[in-house]
1. Residue check: is Met155 surrounded by 13 or more Cβ atoms within 10 Å (Cβ to Cβ), in contact (Cβ under 8 Å) with a residue 60 or more places away in the chain, touching a Pro at 6+ places or on another chain (Cβ under 9 Å) and under 21 Å from Ala71 (Cα atoms)?
2. When you scan the range 68-96, how many residues do you find that are free of Cβ contacts under 8 Å to residues at least 24 places away in the same chain, among the β-branched types (Val, Ile, Thr) and closer than 16 Å to Ala192 by Cα?
3. Confirm whether Gln129 is in contact (Cβ under 8 Å) with a residue 24 or more places away in the chain, within 20 Å of Leu108 (Cα to Cα) and out of contact with any Asp or Glu (no Cβ under 6 Å at 6 or more places or on another chain).
4. Just to be sure I understand the filter: pairs with C-beta atoms under 9 Å, separated by 6 or more residues or on different chains, first member in the range 46-63 and over 22 Å from Phe126 (Cβ atoms) and touching a residue at least 60 places away in the same chain (Cβ under 8 Å), second member part of a loop (DSSP other than H, G, I, E, B) and among the charged types (D, E, K, R). Which pairs pass?
5. If you check Glu117, Glu79, Glu95, which single one turns out to be more than 14 Å from Leu186 (Cβ to Cβ), surrounded by 15 or more Cβ atoms within 10 Å (Cβ to Cβ), acidic (Asp, Glu) and at pLDDT 95 or above?
6. Tally time: how many residues in the range 45-74 are surrounded by 17 or more Cβ atoms within 10 Å (Cβ to Cβ) and in contact with a helix residue (DSSP H, G or I) (Cβ under 8 Å, 6 or more places away or on another chain)?
7. Looking only at helices (runs of 4 or more DSSP H) that fall completely inside the range 1-75, which ones have 2 or more residues that are at pLDDT 50 or above?
8. Right, Tyr178: of a type in the set (Ser, Thr, Tyr) and in a helix (DSSP H, G or I) or not?
Amino acid sequence: MYRSGKILLTLIFLFCLLMNEGYNPVHAAQSPDPTEQLRPMVDKIVAILTDPELKGEEACIKRREKVMAVAKERFDFVEMSKRVLGSQWRKLSSEEQSYFTGLFTTLLEHAYIGKIEDYSNQKVVFREQRVKDDRAQVETDIIDKNVVIPVSYIMILKGGVWMVYDIVVEGVSLIRNYMEQFKEILRKDGYASLLKQVENKIDELEKSIGKPCPTDFSMEEGNS
């Protein structure tokens, strides 16, 4: 009787200790390191952007296809699509969600690569990371002589894998930028209009094949 009571008290003590230390089963299972999971993707992209055979406007399409193939290994395009649409996402059927994700992925293909390919000959330095539960932010710098371009990767842990759902380049969030634009279009004209504008923007980008790579991916009027 005494022994069972002692064991019970010990279990209660351990439980209280874990609760006081903010025990979280995600961390108890030793979560993978976000920087170490992100680094191979960044290294692959840098290798593509610095490949002499992929330089110049004539190699634009091939270069972007290779970068996007690598990005898809670590980018969560469904999570990105959810965030840019906000409450509108929950109003869509699974088929509509899938269609929008495909469109937005294509748009981001040009937007993300357009942001980074001008910085193709510089050094990428991983600075620090912040992790809280299933979210993380990995800070990097793209260094070109005396110029430093900060790039942050915002990540979410899914099934033991850290996936990127936003990129902040020089303080500008790629996803927040589109979210604000989409929110305004949804408020004024509704989802059908937003969908049409995204489709039109993609058509415009596709027609630029063989021409200098576009750099303006805004959905604002006059840019689409």
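The values are calculated or read from the model by the stated rules, or taken from the named source; none is laboratory data. Source: prediction; values computed, not measured. In this analysis, Cβ positions are derived from the backbone assuming ideal geometry, glycine residues included, and neighbour counts consider all displayed protein chains.
1. Details: surrounded by 13 or more Cβ atoms within 10 Å (Cβ to Cβ): yes; in contact (Cβ under 8 Å) with a residue 60 or more places away in the chain: yes; touching a Pro at 6+ places or on another chain (Cβ under 9 Å): yes; under 21 Å from Ala71 (Cα atoms): yes.
Considered against the rule, which asks whether it is surrounded by 13 or more Cβ atoms within 10 Å (Cβ to Cβ), in contact (Cβ under 8 Å) with a residue 60 or more places away in the chain, touching a Pro at 6+ places or on another chain (Cβ under 9 Å) and under 21 Å from Ala71 (Cα atoms), Met155 comes out as yes.
2. 0
3. Details: in contact (Cβ under 8 Å) with a residue 24 or more places away in the chain: yes; within 20 Å of Leu108 (Cα to Cα): no; out of contact with any Asp or Glu (no Cβ under 6 Å at 6 or more places or on another chain): yes.
Considered against the rule, which asks whether it is in contact (Cβ under 8 Å) with a residue 24 or more places away in the chain, within 20 Å of Leu108 (Cα to Cα) and out of contact with any Asp or Glu (no Cβ under 6 Å at 6 or more places or on another chain), Gln129 comes out as no.
4. These pairs meet every condition: Glu57/Lys211; Cys60/Lys211.
5. Details: Glu117 fails: at pLDDT 95 or above; Glu95 fails: surrounded by 15 or more Cβ atoms within 10 Å (Cβ to Cβ).
Among Glu117, Glu79, Glu95, only Glu79 is more than 14 Å from Leu186 (Cβ to Cβ), surrounded by 15 or more Cβ atoms within 10 Å (Cβ to Cβ), acidic (Asp, Glu) and at pLDDT 95 or above.
6. Filtering the range 45-74 for residues surrounded by 17 or more Cβ atoms within 10 Å (Cβ to Cβ) gives 45-46, 48-49, 54, 60, 63-64, 66-68, 70-71, 74.
Still in the running and in contact with a helix residue (DSSP H, G or I) (Cβ under 8 Å, 6 or more places away or on another chain): 45, 48-49, 54, 63-64, 66-68, 70-71, 74.
Total satisfying the criteria: 12.
7. Values: elements: 2-20, 25-28, 34-49, 60-71.
Fully inside the range 1-75 and qualifying: 34-49, 60-71.
8. Values: of a type in the set (Ser, Thr, Tyr): yes; in a helix (DSSP H, G or I): yes.
Yes.
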